[in-house]
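Just so you know, all these numbers are worked out from the coordinates, no wet-lab data involved. Here the structure is a predicted model, which is why all the values come from computation and not from measurement. Positions of Cβ are backbone-derived with ideal geometry, glycine not excepted, and every protein chain shown enters the neighbour counts.
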Amino acid sequence: MARTVEPGWRQLGRFLDHTAEAILVTDARTRIVYINRSFTRVTGYSWKEVSGKTPRLLRSGRQSAEFYARMWKCIHSTGRWQGEIWNRRKNGEVYPEWLSITAVRSRRGKIEHYLAIFSDITLRKREEQELYDLATHDALTRLPNRYFFSERFRHAMVRAKRAASLVALLYLDLDGFKPVNDALGHRCGDRLLQVVARRLKRSVREVDTVARLGGDEFAVILEQLSQPRDAAATAKKLLHALARPYLLEGHRAKLTASIGITVYPLDGEDVDVLLKRADGAMYRAKTERRNDYRFWGDPALYPRAVARARRK
């Protein structure tokens, strides 16, 4: 089937129509002179709809003008470019593709055509995201796991140092989870942990992070704090949210939590150290009262420590 006004491409089309990759050819002024069947399958555009037009009709708007400037600079200096790009199908759907562009020159070195070969990598991107989620998130609650929590906390400390702000780490352990789990069964216990996760997320800001460290232990990263008392206010909010009754398959359950709090950089500057100290503060809250929170450091000394930290 003829897809171009140029006889040479018409002949090649018989072979190129059988390739899995989408193929697009333009002239030196980037006007489309050929597409194969895979191009139509991927983009939804027919030959009549693209003939004589430029590939700009595929742009998604996700890449900046600077991105395209760098791409064309590479093509003109090296003769080729390849990379990941987001384009838009005829139906408006934005999709990722792996694109390779080659400048085709005459014997005298003048550019005559541009050859673009690309493939839809939506499925690959989805699989990569699923693998990433499995590696970084808890399967039951979909919260960040211990590994991802540590990574986020390190990034939070970098941002806090740059902004001269504080980061609080809240270590939560549920009070009375085991009796509920034993009495109602593991299915209700799993359901309870999922509800706890949702309540924690709803009680903090978008900038904050809620993670499940394992079992009935959770952690919260509070960023952009000016004073340690801001962490105490959030801890009270979390305790109130978790103390509300739970309805699990017709059974009513009650649960509380104990929280330990450490503050970066006042209580330490290492993730593992801060986590261990928050765990110790949580244990103190659990043994002294339950349904309460404790700071690892002395709250009375925090104002002086904050002043010292900001003078550094």
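At a glance:
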item	result
Any chance Gly268 is free of Cβ contacts under 8 Å to residues at least 12 places away in the same chain, on the phi > 0 side of the Ramachandran plot and not aliphatic (A, V, I, L, M)	yes
The listed residue being of a type in the set (Val, Ile, Thr) and over 22 Å from Thr262 (Cα atoms), out of Val204, Val220, Val195, Val210	Val195
In region 57-67, residue nearest to Asn91 (Cα to Cα) [restricted to those that are part of a helix (DSSP H, G or I) and out of contact with any Ser or Thr (no Cβ under 8 Å at 6 or more places or on another chain)]	Leu57
Test: Glu84 is exposed (fewer than 13 other Cβ atoms within 10 Å of the Cβ) and part of a helix (DSSP H, G or I)	no
